[in-house]
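The values are calculated or read from the model by the stated rules, or taken from the named source; none is laboratory data. All figures in this text were calculated on a predicted structure; none of them were measured in a lab. We place every Cβ from the backbone using ideal geometry, glycine too, and count neighbours over all the protein chains shown.
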Amino acid sequence: MNAPLIWIGIPLILAILLWLPSRTKVTAFLGGISALFLAASAWFIPIDTAIRISDALSLKIAVSIDILGRQISITPADKPLLALLYGMAAIWFFGSSAAGIARRLVPLGMGILALFIASLSVKPFLYAALIIETAILIAIPLLSPPEKKPGRGVIRFLIYQTLAMPFILFAGWLLAGVESSPGDIELLTQAATLLALGFAFLLAIFPLYTWIPILMEEASPYAVGFILWLLPSVALLFALGFLDRYAWLRNFAQLPAALRFAGLLMVGTAGVWAAFERHLGRIMGYAAIVNTGFSLLALSLLHDSQLSAFFLLMVPQGLGLAIWSLSLSILKLREGSLNFKKIQGMIQQYPIIISGVLVAHFSAIGLPLLAGFPPILALFEGLAKEGLFTASWAALGIVGLLTSAFRTLAVVVMSPKDSTWEMRGSWLQNILIGIGIVLILLLGVFPHLIYPILVNLPATFEHLSG
Amino acid sequence: MQIISWIAVFLIFVSTLSLLITWDWRWSLVHLALLYLGVFWLTQIHWTISMAAIKLVTGWMVATILGITRAALDPEPASALEHSWSHGRLFRILAAALAFLLVISVTPTIVKLLPGIGIPEVAGSLILMVMSLLLLGLTTEPLQAVIGLLTFLAGFEIIYAAVENATLVAALLATINLGLALVGAYLLTAGTDEERGATE
């Protein structure tokens, strides 16, 4: 038995088996339970340590597996990360039935997640770019249902994500050259430039994020939300892998400034665009861009806060996106559109579902007592030390997003005088969103609840964790 | 050998230019299949013939997958654009000329950066990448977008073959090419039932 087989091989097999159930609720339940089981096993089962089953029998889970001369290895240090990714995926899979896309999201999502984990575990890690591209290709049927003509968003997504791979592969080859001659400044600059270009495509950094709002408008918000949670998370972890491996890149003098610049551009521009939006899906898309911007800003503080600021953002952002996209999916399924005109006064028909949209939106801004508040506060504390300009740009993005939240609030409460309160949406939908709202509030009031998960996460990157 | 390499570069240039100005999907796929001949020749300079043949076979398989899928769909009525030579095509030819000038000016610099690689490989690779970016920038059609991406990857694979000759990389790149073709086929067929229903 070995770790890659358990946390990559089994999920890949599950991704095929989960097509079999004919009922969506069964698919969602089985997918959620499987992901939860994989998360729990990653948390509790030791890797590379003998487990005594009986006096005569003991079991040891090996770290790596060889495939065609290359190695895929999952070390004990990776366990918290696996538990986090599969745990968060379980939340998404459980909600998929309520969002009406369990039949596609659960099997495809399981396959995509397994491939992303493989991309983080493969050695030489250069092969990761190829595995990520394979996962991107599998994501296309998730984002574009077979019964609907593909829109501009999915085409742009495919183009931008595919263009990332050659840049990263080539940068990887140059990086090997830099390792052998670290004094070659020209080679170093070329490698850094290609790497930056590759990650700009992969992370949808300004101005390459145009596909996000378009896709939010044309595809299922829940499917896009899943990709907007998983893809940037894995791409950032992949980027951390580069930083962890190459000392020169870690100590590159311009790195914090470049990360800060990219992060501020994303937070500032997406926040401002969101303020002028009239479509709830597109607003969520811009909020997801702001999320990635915050993560980049957290990475720019690497030398001050190691990785704590970065990992602190992961759970609230993922949870917020799950609740937000689930609420939007339900509204879209029932009302057909997420335009302001269509959802005007809807809080009286969908009190819990609309509350889900608003709570997730305010959490993304970092409103006190919500899950997003502690990490965003910590981030602003770090940014303020960098200078007033930096903090002001980030604040501009927050103000833009806050404006869009108030506009949404104003629109959803604009009901006719004689309208009565109802509770539309199924019990399952309302209960799931209700649980999500409670979780966001709980994490806001008691942020230390996720401390046991976060405390060991930086250990995955031994040179960065300080 | 050098002369054949330059013929391959010329073939690549003609194929990519034709891809840019052809509206008919049949001709697009023929040009795509032709450009893989050039890719094969420029790749075999650094790889063994059998390894380089992977590119050719994969490329032709890709063109076949896309062709079979497209042929199964209802034929689209020829638009007015297809009959008007001046509309769009002139712009595309001018843009391609500019792109070609860019390739000529950049090629010597890239050759200096990558030791052991010849001018034809770099020129062929850059022509493929620049022209495909042009194609990608001018289309929102799934078939054209996938052809553009395949062309871009083909260009990248020529240069990458000069620096990396691992079998696993070749296999994974071939898988990605085939995957792109399957995605293209999926996107082509997606929504066709809805369209048929609307017309009936």
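Brief remarks on what is shown
- Search result, residues across the range A:379-423 that are under 21 Å from A:V272 (Cβ atoms), among the aromatic types (F, W, Y) and out of contact with any Leu (no Cβ under 6 Å at 6 or more places or on another chain): A:F380, A:F389, A:F406
- Residue match in the range A:375-390 (condition: among the small types (G, A, S), within 28 Å of A:I343 (Cβ to Cβ) and in the same structural domain as A:M284 (by TED's automatic domain parsing)): no
- Here A:I140 clears all of (1) within 11 Å of chain B (Cβ to nearest Cβ); (2) surrounded by fewer than 23 Cβ atoms within 10 Å (Cβ to Cβ); (3) among the β-branched types (V, I, T) except the condition numbered (2).
- One residue stands out among those in the range A:143-156 that are in contact (Cβ under 8 Å) with a residue 60 or more places away in the chain and assigned to a helix (DSSP H, G or I): the one that is nearest to the other protein chains (Cβ to nearest Cβ), which is A:R152.
- Residue within the range A:331-350 that is of a type outside the set (F, W, Y), buried (at least 16 other Cβ atoms within 10 Å of the Cβ), over 17 Å from A:N291 (Cβ atoms) and within 18 Å of the chain's Cα centre (by Cα) present: no
- Residue within the range B:108-130 that is in a helix (DSSP H, G or I), among the hydroxyl-bearing types (S, T, Y), surrounded by 24 or more Cβ atoms within 10 Å (Cβ to Cβ) and more than 7 Å from every other protein chain (Cβ to nearest Cβ) present: yes
- Residues located in the range A:417-441, provided they are more than 25 Å from A:A28 (Cα to Cα) and free of Cβ contacts under 8 Å to residues at least 60 places away in the same chain: A:K417, A:D418
- Per-region count, the range B:156-189, residues buried (at least 17 other Cβ atoms within 10 Å of the Cβ) and under 19 Å from A:A164 (Cα atoms): 20
- Residue check, A:A196 touching a residue at least 40 places away in the same chain (Cβ under 8 Å) and either in contact with a Gly (Cβ under 8 Å, 6 or more places away or on another chain) or of a type in the set (K, R) (or both): no
- If you go through the range A:21-36 and keep only what is among the hydroxyl-bearing types (S, T, Y) and either part of a loop (DSSP other than H, G, I, E, B) or surrounded by fewer than 17 Cβ atoms within 10 Å (Cβ to Cβ) (or both), you end up with just A:S22.
- Condition check for A:A204: within 23 Å of the chain's Cα centre (by Cα), surrounded by 24 or more Cβ atoms within 10 Å (Cβ to Cβ) and not in a helix (DSSP H, G or I): yes
- A:I131 passes every criterion in (1) part of a helix (DSSP H, G or I); (2) facing chain B (nearest Cβ under 7 Å) apart from (2).
- Boolean, A:G263 is buried (at least 24 other Cβ atoms within 10 Å of the Cβ) and either assigned by TED's automatic domain parsing to the domain that holds A:G366 or not hydrophobic (A, V, I, L, M, F, W, C) (or both): yes
- Verdict on A:L120 being within 18 Å of B:N177 (Cβ to Cβ) and either without any contact (Cβ under 8 Å) to a residue 60 or more places away in the chain or more than 9 Å from chain B (Cβ to nearest Cβ) (or both): no
- Only one entry of A:G425, A:G400, A:G436 meets the criterion of being more than 24 Å from A:L302 (Cα to Cα), surrounded by 17 or more Cβ atoms within 10 Å (Cβ to Cβ) and in contact with a Lys or Arg (Cβ under 9 Å, 6 or more places away or on another chain), and that entry is A:G425.
- Condition check for A:G111: of a type outside the set (D, E), surrounded by fewer than 23 Cβ atoms within 10 Å (Cβ to Cβ) and under 16 Å from the mean Cα position of the chain (by Cα): yes
- Residue that is modelled with the highest pLDDT, among those in the range A:299-323 that are surrounded by fewer than 23 Cβ atoms within 10 Å (Cβ to Cβ) and of a type in the set (G, A, S): A:S308
- Subset of the range B:162-171 that is in a helix (DSSP H, G or I) and facing another protein chain (nearest Cβ under 7 Å) - its residue that is nearest to B:V183 (Cα to Cα): B:L168
- Residue ID - farthest from B:G67 (Cα to Cα), chosen from residues in the range B:133-161 that are in a helix (DSSP H, G or I) and more than 10 Å from chain A (Cβ to nearest Cβ): B:A161
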